[in-house]
Amino acid sequence: MLKQLSIAAALAAAAVAQNTPSLADALKSSSELSTLAGLVPQDVLQTLSSASNITILAPANSAFEKVSPQMLSSLTSTPGAITALLQYHVLNGSYPSSAIPDEGAFVPTLLTNTSYTNVTGGQVVHATTDDDKVVFFTGSLSNSTVTTANVNFTGGVIHIIDTVLTIPGSVSDIATAAGLTSVRGALVSANLVETVNTTPDVTIFAPTNQAFQNIGSALPGLSADDLTKILTYHVIAGTVGYSTRLANGTSIATVNGANVTITVDDDGIFVNNAEVVIADVLVANGVVHVIDQVLNPNNATVADGDDGEPAYQSATPVSEAPFTSGQPTPSAPIGGGAGNGRPTGTGSPTSSSGLPQATANAAPAVAVSGGFAALLAAAAFFL
């Protein structure tokens, strides 16, 4: 898919007239980018101007007004965070809107700093289309909609977006934000938090709290080793399995050593008999798919997503979600702020019809001149 995207992008780029403006002139040409044009330091502008074959996702004036105080605090307190955020807004390749396929594509950015990402080739954005608009999904399934597409400049193309992108966080942080506190608590109990946070190129199938609650009677007697075997059966290492890469009938080895079977049909995506209810939650080191059942490494033959057979046949539900005691309260739900999660259980996993509409960030606005402007002016950005 990415190869086809690159070919389409190259053909579109070849059709652009040779009298394209410089980056500085392109920024000045749009009234929507006056804030960005005034904030980007001269050395950053020169670096980007000398680059070629890139796509800049440029926040509109209104996007800066929606930057939350929490984001500002994180940027100021974390070394390199501003640089990382800027790099995450630059795609590695020139992608006009016509190059974005309806089924979506996961496009690498220039964010490769291992303090922020552990994805080979650079952290990605999920580019897709929704009602003829291009939408970029980023950390916590926040979305940014392109308001003005295809502003060409000598090094590539600019798309003006309505929301500042969110860099994907760690697996444990995303589990907390998504309310997957049973998963997080189980990882803590098995001493696997650091492992899942730092292993590069992972695919994680994360059961909901309800999924753990539904088999709650089977969990209290588990040894630490048994719990580890169950949790590692939900992790694939060495392959970032975005939804567009999950093929029907594929059998994939997990960290546990046993395989899971992928089913992709009109009803959605299934892992063994568990349905993916939220797909493609980007994390710092790969992707998380939220599933509605806990997978059982001792019952891997339950591979038909439509048969309804439970993976833990003798288990019964309990009144409270297991492993949640002492876990942090969800503070930034999946899709909160800029958008909502993408459920896949009601239609094709690659259908744009299931995508949420972009909504305004509800966080209080900040004074750009005294906040984000000062941060950008101080950024030591290099590509």
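The values are calculated or read from the model by the stated rules, or taken from the named source; none is laboratory data. Keep in mind that what you see is a predicted model, and the values were worked out from it rather than measured. Cβ placement follows ideal geometry from the backbone for every residue including glycine, while neighbour counts extend to all protein chains displayed.
Tabulated data
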| read-out | value |
| --- | --- |
| Count of residues meeting criterion [surrounded by 24 or more Cβ atoms within 10 Å (Cβ to Cβ) and of a type outside the set (A, V, I, L, M)] in segment 139-161 | 6 |
| Residues located in segment 86-134, provided they are of a type in the set (A, V, I, L, M, F, W, C), assigned to a helix (DSSP H, G or I) and surrounded by fewer than 23 Cβ atoms within 10 Å (Cβ to Cβ) | 86 |
| First in segment 129-154 and free of Cβ contacts under 8 Å to residues at least 60 places away in the same chain and outside the structural domain of residue 97 (by TED's automatic domain parsing), second anywhere and surrounded by fewer than 23 Cβ atoms within 10 Å (Cβ to Cβ) and part of a strand (DSSP E or B), Cβ under 9 Å, 6 or more apart | none |
| Cβ-Cβ under 9 Å pairs, at least 6 apart or on other chains, segment 97-109 side under 11 Å from residue 129 (Cβ atoms), far side assigned to a loop (DSSP other than H, G, I, E, B) and of a type in the set (Val, Ile, Thr) | 102/350; 103/350; 104/350 |
| Exclusive hit being within 23 Å of the chain's Cα centre (by Cα), over 25 Å from residue 114 (Cα atoms) and of a type outside the set (Lys, Arg), set 237, 247, 218 | 247 |
| Residue 166 vs. criteria surrounded by fewer than 24 Cβ atoms within 10 Å (Cβ to Cβ), in contact with an Asp or Glu (Cβ under 7 Å, 6 or more places away or on another chain) and either in contact (Cβ under 8 Å) with a residue 40 or more places away in the chain or among the aliphatic types (A, V, I, L, M) (or both) | no |
| Test: residue 198 is surrounded by fewer than 17 Cβ atoms within 10 Å (Cβ to Cβ), hydroxyl-bearing (Ser, Thr, Tyr) and not assigned by TED's automatic domain parsing to the domain that holds residue 140 | yes |
| Yes/no for residue 24 being more than 18 Å from the chain's Cα centre (by Cα), among the small types (Gly, Ala, Ser) and crowded, with 22+ Cβ neighbours inside 10 Å | no |
| Which numbered condition residue 353 misses (of (1) at pLDDT below 95; (2) surrounded by 15 or more Cβ atoms within 10 Å (Cβ to Cβ); (3) small (Gly, Ala, Ser)) | (2) |
| Restricting segment 161-180 to residues that are hydroxyl-bearing (Ser, Thr, Tyr) and part of a loop (DSSP other than H, G, I, E, B), the residue that is farthest from the chain's Cα centre (by Cα) | 163 |
| Candidates 187, 180 - the one that is more than 19 Å from residue 51 (Cβ to Cβ), free of Cβ contacts under 8 Å to residues at least 60 places away in the same chain and outside the structural domain of residue 71 (by TED's automatic domain parsing) | 187 |
| Enumerated helices (runs of 4 or more DSSP H) restricted to segment 181-265, each holding at least 1 residues that are of a type in the set (Ser, Thr, Tyr) and touching a strand residue (DSSP E or B) at 6+ places or on another chain (Cβ under 8 Å) | 181-189 |
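The rows are residues; the columns are (1) modelled with pLDDT under 75; (2) assigned to a helix (DSSP H, G or I).
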site	(1), (2)
7	yes, yes
12	yes, yes
19	no, no
35	no, yes
48	no, yes
62	no, yes
